[in-house]
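The values are calculated or read from the model by the stated rules, or taken from the named source; none is laboratory data. Quantities reported herein were computed from a predicted structural model and do not represent experimental measurements. Cβ atoms come from the backbone with ideal geometry, glycine included; neighbour counts cover every protein chain shown. We work out accessible area using only protein heavy atoms, side chains counted, and drop any ligands, DNA or RNA first. Shrake-Rupley method; radii C 1.70, N 1.55, O 1.52, S 1.80 Å.
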Amino acid sequence: MRRESEDVFAPSGPTLPWGPEWTAEAVIAVLEPMVLDARRARLLEVIASRLGSVTVLMDAPHDPHNGAAILRSCDAFGVQTVHVVPRNEEFLVSGNVAKGTERWVDVTRHASSERAAQALADQGFELVATHPKGALVPDDLADIPRLCLVLGNEHDGIAEALTAAAPRSVRIPMRGFVESLNVSVSAAIVLARATRGRPGDLSENERRTLYARGLHATVNRAAEILAAGLPGAR
């Protein structure tokens, strides 16, 4: 049975919290002076290490706690975007588990497995599925220039279309009797290795947009401040 509560919600996509009349640079010009130096430094430090070359594709995630834990791991290891194929139910996450990381990691939804695979291939990603008998181990993933880690449904695994689109798979070596781990645990282990040693690689435009978003999330009543249309800010 799917675990849901008042704290469960659908994370938003990669949307900007300001209107189209505002550029990221204009937002920065208005809000940056209102933020403490330590906070500005922290935002810039995190954004500088953010990765666009590693992403995750969740195929029909079911448990909001698992979905939230994966988002949290993506934020921890610098992964900026997560892709989801909802399939039969909406993608939901638990706020108690996500701990606010849904504000920093972008979620892109796809209508089908086929469309997801094509969209990621068009972006130059190699899809690598998780599988107990995969030929790769987590350390191998650091050498894949553009990596998309494919995670299956907790009960049904990975859809055939995504399996076909992922010619290689990765396993987590284990010494015990158990053959597999919880999907969110697997994601954390694999992402830790896949992102190790990778420098931040977002474009300057992407970094500045994220910085503007971070300032917007930090400044109290930022939306009202921008709506006031301060002179020279647009």
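Separation of region 197-217 from region 152-169 is 31 Å, based on Cα centroids. Taking a ≥ b ≥ c as the square roots of the eigenvalues of the alpha carbon gyration tensor, region 1-104 is prolate, as a/c is not under 1.5 and a/b beats b/c. Relative contact order of region 1-106, taken over Cα pairs closer than 8 Å and 6 or more residues apart, is 37 percent. Charged side chains reduced to their Cβ positions (Lys and Arg at +1, Asp and Glu at -1) give region 1-67 a dipole of some 180 debye around its Cα centre. Taken about its Cα centre, region 12-148 carries a charge dipole of about 240 debye when Lys and Arg each add +1 at the Cβ and Asp and Glu each add -1 at the Cβ. Taken per residue, the accessible surface of region 41-132 reaches 39 Å², heavy atoms only and a 1.4 Å probe. With the simple spin-label model, which puts each label point 7 Å out from Cα in the Cβ direction, the ARG196 to ASP7 separation comes to 3.2 nm.
Report, to the nearest 10°, how far helix 113-122 tilts away from the longest principal axis of the Cα atoms in the chain, using its own Cα long axis and a range of 0 to 90°. Result, in degrees: 60.
Leaving ligands, DNA and RNA out of it, report the carbon-plus-sulfur percent of the accessible area of region 60-145 at a 1.4 Å probe. After summing per-atom areas, the C and S share lands at 48 percent.
At an R0 of 25 angstrom, the distance between the Cβ atoms of ARG39 and ILE189 translates into a FRET efficiency of 0.20.
Taking a ≥ b ≥ c as the square roots of the eigenvalues of the Cα gyration tensor of region 108-170, is the shape rounded (a/c under 1.5), prolate (a/b larger than b/c) or oblate? Oblate. In the chain, the longest principal axis of the Cα atoms and the axis of helix 37-48 are about 40 degrees apart. Averaging Cα coordinates gives a centre for region 1-66 and one for region 76-141; these two points are 15 Å apart. Calculated FRET efficiency, LEU181 to LEU16, Cβ-Cβ distance, R0 = 35 Å: about 0.45 to the nearest 0.05. Computed about the Cα centre, the dipole magnitude for region 115-234 is approximately 360 debye when only Lys and Arg (+1) and Asp and Glu (-1) carry charge, each at its Cβ.
Relative contact order for the chain: 29 percent, from Cα pairs under 8 Å spaced at least 6 residues apart, divided by residue count. For the chain, the longest principal axis of the C-alpha atoms and the axis of helix 204-218 are separated by about 70°. Sorting GLU114, GLU160 by accessible area puts them as GLU160, GLU114; the probe is 1.4 Å, largest comes first, and only protein heavy atoms count.
Taking a ≥ b ≥ c as the square roots of the eigenvalues of the Cα gyration tensor, region 66-215 is classed as rounded, since a/c falls below 1.5.
Against the criterion of solvent-accessible heavy-atom surface with a 1.4 angstrom probe, ARG72, ARG221 sort, most first, into ARG221, ARG72.
Over the chain, DSSP H runs of length four or greater, each weighted -39,500 (n - 2.57), average out per residue to a 222 nm ellipticity of -10500 deg cm²/dmol.
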